[in-house]
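**Q** Sharing a structure below in structure tokens format, with a few things to ask.
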Amino acid sequence: VQLQASGGGLVETGGSLTLSCATSDDTFSYHTMAWFRQAPGKERGFVAAIRRPGGYTKYADFVKGRFTISRDNLKNTVILQMNNLKPEDTAIYSCALGRPAWSASDRTALYYYWGQGTLVTVSS
């Protein structure tokens, strides 16, 4: 299974970016997709996750109300819409695929496929 993340770039504070993650997995519809991020000098941390069936979503507290995760099952793609970006959102964003228990879907170790990451830089 391959995951291809795209959409990163440089944006000013308050701006928006849309990240996409395409997967080759033809069973995509039955997995949880998530985004994690790693800022310089910090550990990788959870950003958002979406599950099928049900379309349930989960967000880290620091992105609630600003980021939205969605998925296009026909295109095997998960989208992370990021609005009102802040300098502290600067990080490498990586998408991941797995089948964790929903209660543990924010745990990095429970995802077994990862994309290569895309850099998001928010200038102050």
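The values are calculated or read from the model by the stated rules, or taken from the named source; none is laboratory data. On a predicted model such as this, the values are computed, not experimentally measured, just so you know. A quick note on method: Cβ atoms are made from the backbone with ideal geometry, for glycine too, and the neighbour counts reach across all protein chains shown. The accessibility values were calculated without ligands, DNA or RNA, using every heavy atom of the protein model including side chains. Shrake-Rupley method; radii C 1.70, N 1.55, O 1.52, S 1.80 Å.
**Q** Give the percent of DSSP beta bridges with both residues in the chain that are antiparallel, rounded to the nearest 5.
**A** Of the beta bridges lying entirely in the chain, close to 90 percent run antiparallel.
**Q** So what is the relative contact order for the chain, in percent, with contacts set as C-alpha pairs under 8 Å and at least six apart?
**A** 36
**Q** Who wins for biggest fluctuation among Ile79, Ile69, Ile92 in a Gaussian network model of the chain, springs between alpha carbons below 10 Å?
**A** Greatest mean-square fluctuation among the candidates belongs to Ile92.
**Q** Determine the per residue accessible area of segment 1-106 with all protein chains present and a 1.4 angstrom probe, expressed in square angstrom.
**A** Solvent-accessible surface per residue comes out at 50 Å².
**Q** Could you sort Trp114, Trp35 by accessible area so the largest value comes first, with the probe set to 1.4 Å?
**A** From most accessible down to least: Trp114, Trp35.
**Q** Can you give me the relative contact order of segment 44-112 as a percent, contacts being Cα pairs under 8 Å and 6 or more apart?
**A** 28
**Q** Round to the nearest 10 and report in Å² the accessible area of Arg107, as given by a 1.4 Å probe over the protein chains' heavy atoms.
**A** Rounded to the nearest 10, the figure is 130 Å².
**Q** Report relative contact order for segment 83-124 in percent, whole number only (criteria: Cα-Cα under 8 Å, sequence separation at least 6).
**A** Here the relative contact order equals 56 percent.
**Q** Run the quick spin-label model on Ser16 and Arg52: label points 7 Å from Cα toward the beta carbon, then report their separation in nm to one decimal.
**A** 2.4
**Q** Continuing with this model, one more query. Once the Cβ-Cβ distance between Asn73 and Ser124 is put in as r, and R0 is 41 Å, what FRET efficiency do you end up with, to the nearest 0.05?
**A** 0.65
**Q** Continuing with this model, one more query. Between Leu110 and Ser6, what length in nm is gained on full extension when 0.36 nm per residue of separation is reduced by their alpha carbon distance?
**A** Here the answer is 35.2 nm.
**Q** Given the convex hull of the Cα atoms of the chain, what is a quarter of its surface area in nm²?
**A** Spelled out: convex hull of the Cα atoms, projected over all directions, averaged, 6.8 nm².
**Q** Follow-up question, since we're still on this one. With every protein chain left in place, what is the accessible area of Arg66 in Å² (1.4 Å probe, nearest 10)?
**A** Taking all protein chains as shown, Arg66 has close to 20 Å².
**Q** Another one. Which whole-Hz ³J(HN,Hα) couplings does segment 51-59 yield from phi under the Karplus relation 6.51 cos²θ - 1.76 cosθ + 1.60, θ = phi - 60°, glycine and proline marked x?
**A** Working through the residues one at a time gives 10, 10, x, x, x, 5, 10, 9, 9 Hz.
**Q** Would you mind telling me which residue in Asp106, Asp89, Asp61 has the biggest mean-square fluctuation in a Gaussian network model of the chain, where springs connect alpha carbons within a distance under 10 angstrom?
**A** Asp61
**Q** Anyone know which of Leu110, Leu17, Leu97 comes out most mobile in the 10 Å Cα GNM of the chain?
**A** Result: Leu110 has the largest fluctuation of those listed.
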